[in-house]
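Q: One structure, as structure tokens, below. Some questions next.
The values are calculated or read from the model by the stated rules, or taken from the named source; none is laboratory data. On a predicted model such as this, the values are computed, not experimentally measured, just so you know. In this analysis, Cβ positions are derived from the backbone assuming ideal geometry, glycine residues included, and neighbour counts consider all displayed protein chains.
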Amino acid sequence: MTVLHVFNGNVLAADTVLPEARITIEHERIVAIEPSCGGAADERVDLAGGWMLPGFVDAQVNGGGGVLFNDTPTVDGIAAIGAAHARYGTTAFLPTLISADPDVIARGLDAVDEAIAAGVPGVVGIHVEGPFINPRRKGIHAEERLIRLDDDTMALLTRPARGRVMLTLAPELADPADLERLVAAGVILSAGHSDATAEQAATGFAHGITGVTHLFNAMAPLHHRAPGLIGAAFDDDGVWCGVIADGVHVVPSILRLTLKAKSAERVMLVTDAMPGVGNEGAPFYLDGHEIFVRDGICTDAAGTLAGSGLDMAGAVRNIVAMTGITVPVAARMAAQTPAAYLGLDDEYGRVQPGYRADFAMLDSALKPMQTWIGGRRHDCPSYA
């Protein structure tokens with residue numbers, strides 16, 4: 001058992017903000033929260049005017065710490081990526097494959113199963129982004145890797161898995177019966193890299209697609225006579241949408257509009273992070289093409305966006321600054337909402353008894369101080 005005292009700041013406990021709290025942790029979970037710091041403690045954290053938030057849940061992590069999951073679909077690769085993102089408050093994540101060949105997808109699925117079995121901190125499943133996407137909206141994805149769902153890939157994606165399996169696909173290229181089969185096997189479906197009309201998107205939603213991957217990016221723009229995937233997502237209150245809040249993938253005014261259309265209960269922050277996160281923004285290669293990182297923005301030589309250099313603490317800072325929402329609302333978008341989308345909101349995304357002892361400790365500027373995963377402290381670089 002561990003007793004943690006957190007004081008001199010703001011503790012977001014469930015839906016209440018406390019100035020201090022005594023938190024008892026046992027077997028990686030919170031067993032009690034008291035609104036004062038009386039008695040002895042094993043650990044004490046001075047927030048210095050900052051925040052204790054639920055640990056962040058990131059559904060789209062391509063890489064970090066100099067590692068790209070496509071190139072290193074192994075347990076060690078997942079551990080390195082997770083360690084890099086833990087420095088920025090992320091306590092649960094989906095390592096993400098970018099339109100990979102089926103053999104790489106198989107290796108990624110195996111690696112995630114093995115990582116979860118081995119207790120690698122933070123990994124809760126896998127996100128397979130493509131290759132079942134529309135070439136017209138491929139973005140940085142390699143066109144030669146794009147394929148349609150068939151019996152072999154369906155069998156691969158529907159096999160039993162230890163964690164969550166999230167699949168991004170273009171709804172206009174998928175048979176509704178295949179969507180239903182994937183959902184029946186427990187696969188979480190998201191529409192993305194798509195040229196779908198609003199009608200095609202709505203059909204996808206009706207047959208099991210519940211999310212939209214990096215809303216606005218790699219899809220037809222919203223038009224008042226051709227609303228497309230964006231309009232369909234706005235029109236369906238039940239659909240979750242991921243957004244990359246770096247101010248480049250989506251500009252601030254559109255982030256504000258999105259929150260008016262969908263609310264924080266259905267808009268989740270994602271990083272779409274690349275290897276430069278936790279690796280000083282170093283350049284890297286994707287499918288043989290050099291990707292440059294400038295001011296946290298990842299592009300190829302032609303200027304095509306290639307994921308991001310964003311971390312989740314940065315996404316929280318940005319969404320607060322760009323939209324004017326409160327820190328608790330931003331925390332919902334970074335933790336509770338993605339946990340709900342992934343069906344993990346009974347144990348992730350909130351600081352309350354019964355939930356995992358996963359915390360993001362941020363200073364008054366919303367920069368990371370400490371991350372706690374399963375009751376274990378991970379110091380962040382500036383505060384180690």
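Q: Pairs please, first residue from the stretch 303-322 and buried (at least 20 other Cβ atoms within 10 Å of the Cβ), second anywhere and of a type in the set (Ser, Thr, Tyr) and in a helix (DSSP H, G or I), Cβ atoms under 7 Å, 6+ apart in sequence or on different chains.
A: That search, which allows pairs on different chains as well, returns nothing.
Q: So which residues in the stretch 237-258 are under 18 Å from residue 338 (Cα atoms) and surrounded by fewer than 19 Cβ atoms within 10 Å (Cβ to Cβ)?
A: 237, 238
Q: Looking at 87, 22, 29, can you tell me which residue is among the basic types (Lys, Arg), farther than 28 Å from residue 309 by Cβ, buried (at least 17 other Cβ atoms within 10 Å of the Cβ) and at pLDDT 95 or above?
A: Going through 87, 22, 29 in turn, the sole match is 22.
Q: Being modelled with pLDDT under 95, acidic (Asp, Glu) and surrounded by fewer than 23 Cβ atoms within 10 Å (Cβ to Cβ) is true for just one of 379, 345. Which residue is that?
A: Working: 345 fails: modelled with pLDDT under 95.
Result: 379 is the single residue among 379, 345 that is modelled with pLDDT under 95, acidic (Asp, Glu) and surrounded by fewer than 23 Cβ atoms within 10 Å (Cβ to Cβ).
Q: In this structure, does residue 181 turn out to be in a helix (DSSP H, G or I), basic (Lys, Arg) and in contact with a helix residue (DSSP H, G or I) (Cβ under 8 Å, 6 or more places away or on another chain)?
A: Values: in a helix (DSSP H, G or I): yes; basic (Lys, Arg): yes; in contact with a helix residue (DSSP H, G or I) (Cβ under 8 Å, 6 or more places away or on another chain): yes.
Spelling it out, residue 181 is indeed in a helix (DSSP H, G or I), basic (Lys, Arg) and in contact with a helix residue (DSSP H, G or I) (Cβ under 8 Å, 6 or more places away or on another chain).
Q: Still on this structure, please answer the following. Which of the residues belonging to the stretch 261-285 are acidic (Asp, Glu) and within 19 Å of the chain's Cα centre (by Cα)?
A: 265, 272
Q: Based on this model, can you work out whether residue 172 counts as in the same structural domain as residue 210 (by the TED database), farther than 27 Å from residue 285 by Cα and surrounded by fewer than 17 Cβ atoms within 10 Å (Cβ to Cβ)?
A: Taking the combined requirement at face value, the residue does not satisfy it.
Residue-wise test of (1) crowded, with 17+ Cβ neighbours inside 10 Å; (2) assigned to a loop (DSSP other than H, G, I, E, B); (3) in contact with a strand residue (DSSP E or B) (Cβ under 9 Å, 6 or more places away or on another chain).
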{"position": "126", "(1), (2), (3)": "yes, no, yes"}
{"position": "133", "(1), (2), (3)": "yes, yes, yes"}
{"position": "144", "(1), (2), (3)": "no, no, no"}
{"position": "190", "(1), (2), (3)": "yes, no, yes"}
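Q: Now a separate question. If the requirement is being of a type in the set (Phe, Trp, Tyr), without any contact (Cβ under 8 Å) to a residue 60 or more places away in the chain and either in the same structural domain as residue 370 (by the TED database) or surrounded by fewer than 21 Cβ atoms within 10 Å (Cβ to Cβ) (or both), which of these qualifies: 7, 93?
A: Among 7, 93, only 7 is of a type in the set (Phe, Trp, Tyr), without any contact (Cβ under 8 Å) to a residue 60 or more places away in the chain and either in the same structural domain as residue 370 (by the TED database) or surrounded by fewer than 21 Cβ atoms within 10 Å (Cβ to Cβ) (or both).
Q: Working carefully through the options 103, 76, 151, find the one that is surrounded by fewer than 18 Cβ atoms within 10 Å (Cβ to Cβ), within 18 Å of residue 186 (Cα to Cα) and not small (Gly, Ala, Ser).
A: 151 is the lone residue from the list that is surrounded by fewer than 18 Cβ atoms within 10 Å (Cβ to Cβ), within 18 Å of residue 186 (Cα to Cα) and not small (Gly, Ala, Ser).
Q: Does residue 114 count as at pLDDT 95 or above, over 28 Å from residue 347 (Cα atoms) and outside any loop (DSSP other than H, G, I, E, B)?
A: Criteria not met by residue 114.
Q: Still on this structure, I have one more. For the stretch 192-240, give me the residue count where each residue is assigned to a strand (DSSP E or B), touching a Leu at 6+ places or on another chain (Cβ under 8 Å) and without any contact (Cβ under 8 Å) to a residue 60 or more places away in the chain.
A: 2
Q: OK, next. Of the residues 368, 338, 353, only one is touching a strand residue (DSSP E or B) at 6+ places or on another chain (Cβ under 9 Å) and surrounded by fewer than 21 Cβ atoms within 10 Å (Cβ to Cβ); which?
A: After applying the criteria, what remains is 353.
Q: Within the stretch 198-218, restricting attention to residues that are farther than 16 Å from residue 237 by Cα and out of contact with any Asp or Glu (no Cβ under 7 Å at 6 or more places or on another chain), which residue is surrounded by the most Cβ atoms within 10 Å (Cβ to Cβ)?
A: Only one residue tops the list, namely 218.
Q: Against the definition (touching a residue at least 40 places away in the same chain (Cβ under 8 Å) and surrounded by 17 or more Cβ atoms within 10 Å (Cβ to Cβ)), how does residue 66 come out, yes or no? Can you show your working first?
A: Working: touching a residue at least 40 places away in the same chain (Cβ under 8 Å): yes; surrounded by 17 or more Cβ atoms within 10 Å (Cβ to Cβ): yes.
Considered against the rule, which asks whether it is touching a residue at least 40 places away in the same chain (Cβ under 8 Å) and surrounded by 17 or more Cβ atoms within 10 Å (Cβ to Cβ), residue 66 comes out as yes.
Q: Any residue at all in the stretch 32-46 that's crowded, with 18+ Cβ neighbours inside 10 Å and under 26 Å from the mean Cα position of the chain (by Cα)?
A: no
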